[in-house]
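Trainee: Please find one structure pasted underneath; my questions will follow.
The values are calculated or read from the model by the stated rules, or taken from the named source; none is laboratory data. The structure displayed is predicted, hence computed values, not measured ones. Cβ sites come from the backbone with ideal geometry, for glycine too, and all protein chains shown count toward neighbours.
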């Protein structure tokens, strides 16, 4: 069970999902109204019907929510037709996502909203599913044969939901040895290898270009925070405040060191390079700074309510200058967090927040990833996000889209009804 909302302080709390089936008078009729918004994204009535029937199955009480059990349980649905629809029928994916983000903005949009980037793994048997490989699977905390997706989610004072996804395809899938598998999995011809941070940047640019969902904060773990490409992308967005996790061996200075330009000759040319004016002032690691700080500077703060009581950490912050290639780079806030154990575990984050930023903002941001964790938990547990058995690249994309839409559909009902109950909710209740 995930802890309750970790956002009890500045700038706002993120609500929990608390809808029950007894609150919905006619789910099927509401779902028809929802699906009507996507009518023009399909060229014929048959795919529209399959789109609707598949989501009916996702919202049903069918135990296994892969295509065959859904098709066998939903009126007028056919297994082969639904399989073909998910993996082989042309969808206007871009238009589906644009309409969907407009709905997110209408129901949840807020100028102080947050974009959250994270990945999720899907354990799979065999080697024929698009992008499958032995790789780290965060769900089980070890290397396993799986597919991994990079996701963007949105959170605000009104709710939370997904904004987009990308399938991470390991580099070996782009070698000649995998040419036949790429063909069978219907990889797009222009698909190229991209790292997880590069996929996150692609998602970020898509959301920004779409321009429908307002946001102020950007949050991600160290896979993305430790990527110069990702940091450069988020740092280039006017008015955006990022808060990203970083490794403990990240190097920095507490004060910006002086640099000098030194000229030298190379093959008859005069060139120059920057050097530290005081080379003995080497950068230090985040870990070194944290472990040498007196307890006077650490503040105990509650970040959530767990099943066994409050979950608390100690926090502190410092202005630092990051080392990039051995030279001083951008100046940021370093936020350090440690557990309350006798031998504490430390976590590190950086942020481009303004000089006047208070510690309570960073405490709040340190817990906001709760929202995307809830998205994964709810869509996997109740909507069949990890039940799929498709192998083709388009099939994976379409399964993820339907899960995002089904999850938002339920949030829309909650918001439409003005539901504010604090009771526990299960989608399949």
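Trainee: If residue 54 passes every condition in (1) surrounded by fewer than 18 Cβ atoms within 10 Å (Cβ to Cβ); (2) out of contact with any strand residue (DSSP E or B) (no Cβ under 8 Å at 6 or more places or on another chain) but one, which one does it miss?
Mentor: (1)
Trainee: When you go through (1) more than 25 Å from residue 137 (Cα to Cα); (2) in a helix (DSSP H, G or I); (3) in contact with a strand residue (DSSP E or B) (Cβ under 9 Å, 6 or more places away or on another chain) one by one for residue 401, which number turns out not to apply?
Mentor: It is condition (1) that residue 401 fails.
Trainee: Taking the range 364-397, which residues are within 17 Å of residue 167 (Cα to Cα), more than 14 Å from the chain's Cα centre (by Cα) and either assigned to a helix (DSSP H, G or I) or not assigned by TED's automatic domain parsing to the domain that holds residue 190 (or both)?
Mentor: Answer for the range 364-397, where residues must be within 17 Å of residue 167 (Cα to Cα), more than 14 Å from the chain's Cα centre (by Cα) and either assigned to a helix (DSSP H, G or I) or not assigned by TED's automatic domain parsing to the domain that holds residue 190 (or both): 380, 393, 394, 395, 396, 397.
Trainee: Give the range 232-251 a look and list any residue that's touching a strand residue (DSSP E or B) at 6+ places or on another chain (Cβ under 8 Å) and assigned to a loop (DSSP other than H, G, I, E, B), or say none.
Mentor: Restricting attention to the range 232-251, the residues satisfying the condition of being touching a strand residue (DSSP E or B) at 6+ places or on another chain (Cβ under 8 Å) are 234-235, 237, 240-251.
Correct list: 237, 240, 247, 248, 249, 250.
Every residue, every condition in (1) assigned to a loop (DSSP other than H, G, I, E, B); (2) without any contact (Cβ under 8 Å) to a residue 60 or more places away in the chain; (3) out of contact with any strand residue (DSSP E or B) (no Cβ under 9 Å at 6 or more places or on another chain); (4) within 19 Å of residue 239 (Cα to Cα), yes or no:
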| site | (1), (2), (3), (4) |
| --- | --- |
| 337 | no, yes, no, no |
| 344 | yes, yes, no, no |
| 356 | yes, yes, yes, yes |
| 362 | no, no, no, yes |
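Trainee: Does the range 96-114 contain any residue that is in a strand (DSSP E or B) and either in contact (Cβ under 8 Å) with a residue 24 or more places away in the chain or assigned by TED's automatic domain parsing to the domain that holds residue 395 (or both)? Steps first, please.
Mentor: Just the residues of the range 96-114 that are in a strand (DSSP E or B), to begin with: 114.
Then drop every residue that is not either in contact (Cβ under 8 Å) with a residue 24 or more places away in the chain or assigned by TED's automatic domain parsing to the domain that holds residue 395 (or both), which leaves 114.
Looking through the range 96-114, at least one residue is in a strand (DSSP E or B) and either in contact (Cβ under 8 Å) with a residue 24 or more places away in the chain or assigned by TED's automatic domain parsing to the domain that holds residue 395 (or both).
Trainee: Identify the single condition in (1) touching a helix residue (DSSP H, G or I) at 6+ places or on another chain (Cβ under 8 Å); (2) touching a residue at least 60 places away in the same chain (Cβ under 8 Å) that residue 184 does not satisfy, given that it satisfies every other one.
Mentor: Among (1) touching a helix residue (DSSP H, G or I) at 6+ places or on another chain (Cβ under 8 Å); (2) touching a residue at least 60 places away in the same chain (Cβ under 8 Å), the lone unmet condition for residue 184 is (1).
Trainee: Among (1) farther than 30 Å from residue 30 by Cα; (2) buried (at least 22 other Cβ atoms within 10 Å of the Cβ); (3) touching a helix residue (DSSP H, G or I) at 6+ places or on another chain (Cβ under 6 Å), there is one condition residue 365 misses while meeting the rest; what is its number?
Mentor: Exception for residue 365: condition (3).
Trainee: Just one of (1) part of a strand (DSSP E or B); (2) in contact (Cβ under 8 Å) with a residue 60 or more places away in the chain trips up residue 212, so point out which.
Mentor: (1)
Trainee: Let me ask you something else. I need every pair where a residue in the range 47-66 that is over 22 Å from residue 413 (Cβ atoms) has its Cβ under 8 Å from the Cβ of a residue that is in a helix (DSSP H, G or I), sequence separation at least 6 or different chains.
Mentor: If the second residue must be in a helix (DSSP H, G or I), the pairs left are 47/85; 50/81; 50/82; 50/85; 50/86; 63/69.
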